[in-house]
Amino acid sequence: MQYIDTHAHFDLCVDEGAGTETDLIAGLETSGITRAVHVSIDVGGFYRAHEFAVRHRDRGIVFTLGIHPSSPAGKKELDAIERYTEKVMNSEEASLLFGIGETGLDYYRMRRPKDEQQNSFEHQIHLALKHHLPVIVHSRDASDDSLAILKRYAPVRGIMHCFSEGADYAKKFLDLGMYLSFAGNVSYKAAITLQESASHVPADRLLLETDAPFLTPVPLRGKKNKPEYVIHTYRFVAALRGISENELCDQILTNFHALMHDSNQSRFRRQP
Ligand SMILES: [Zn+2]
């Protein structure tokens with residue numbers, strides 16, 4: 001079986017003491033994880049993310065460029081993400097850049113003013129569309145505004161990361177073209193509505209992730225999360241959907257490749 005972690009912060013895992021970089025990479029291999037997406041959250045992390053993916057490209061690591069809704073996103077930062085994206089897309093390492101994000105809206109923490117978050121989100125959607133890349137969306141206590149913004153650009157090819165809403169919102173995001181990615185919190189006992197969403201998402205729009213070092217899945221809840229723990233979320237969701245883990249692995253591999261393939265196709269079509 002081949003597992004994928006579609007959303008992890010390897011740098012934060014190291015900083016939070018979940019393991020060294022070498023441990024984390026070795027853990028992928030022993031657990032059968034053949035692909036992982038390292039997600040950046042601020043301009044300061046771009047270079048580190050890029051270099052990390054270059055170092056471990058033969059281990060299936062790809063990376064993203066994004067400014068999280070809790071990170072500063074003034075003109076300086078928005079110019080920086082645009083420049084860095086151009087630079088990577090025009091380099092030999094373009095295929096290591098998986099997408100733009102995580103971006104989005106976080107009205108729960110509200111670390112940045114609403115208008116700054118919204119402006120940054122739109123800017124990053126534009127950037128993703130311009131380069132034919134998927135957009136990775138973080139939305140917390142902000143589903144209606146996230147939907148409204150995405151709707152202006154629909155259909156949008158992207159991922160609702162750590163999807164945490166019920167079936168009604170699931171349908172609305174799916175209608176806009178988004179994939180839904182579930183993290184370890186889907187396995188928590190109280191997460192009944194979320195489990196309902198995860199059991200009903202169409203098979204071809206489902207993804208799984210750790211969001212490590214956060215949201216450690218059952219039965220390891222309480223420990224610092226790391227990408228290799230994604231296998232517990234696979235196990236849980238396979239049981240929830242009444243399918244074998246093998247079938248789920250195949251499906252998610254197909255979905256992930258479809259997302260990557262679509263961006264490569266569009267990039268290719270852009271060539272003269
Ligand atoms: Zn994240």
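Observations
- Remark: Leu220 falls outside the filter, which requires a residue to be away from the ligand (no atom under 14 Å from the Cβ), in contact with a Leu (Cβ under 9 Å, 6 or more places away or on another chain) and of a type outside the set (Gly, Ala, Ser).
- Check on Ala198, farther than 16 Å from His138 by Cα, touching a residue at least 40 places away in the same chain (Cβ under 8 Å) and more than 16 Å from the ligand (Cβ to nearest atom): yes
- Of the helices (runs of 4 or more DSSP H) lying entirely inside segment 1-112, those containing at least 1 residues that are exposed (fewer than 15 other Cβ atoms within 10 Å of the Cβ) and more than 15 Å from the ligand (Cβ to nearest atom) span 21-31, 46-55, 75-89.
- From the list Ala8, Ala49, Ala73, Ala36, the one residue that fits, being under 26 Å from Arg157 (Cβ atoms) and free of Cβ contacts under 8 Å to residues at least 40 places away in the same chain, is Ala49.
Readers should treat all values here as calculations from the given coordinates under stated rules, not as data from a laboratory. None of the values given here were measured: they were computed from a predicted structure. Please note: Cβ atoms are built from the backbone with ideal geometry, for glycine as well, and neighbour counts cover all protein chains shown.
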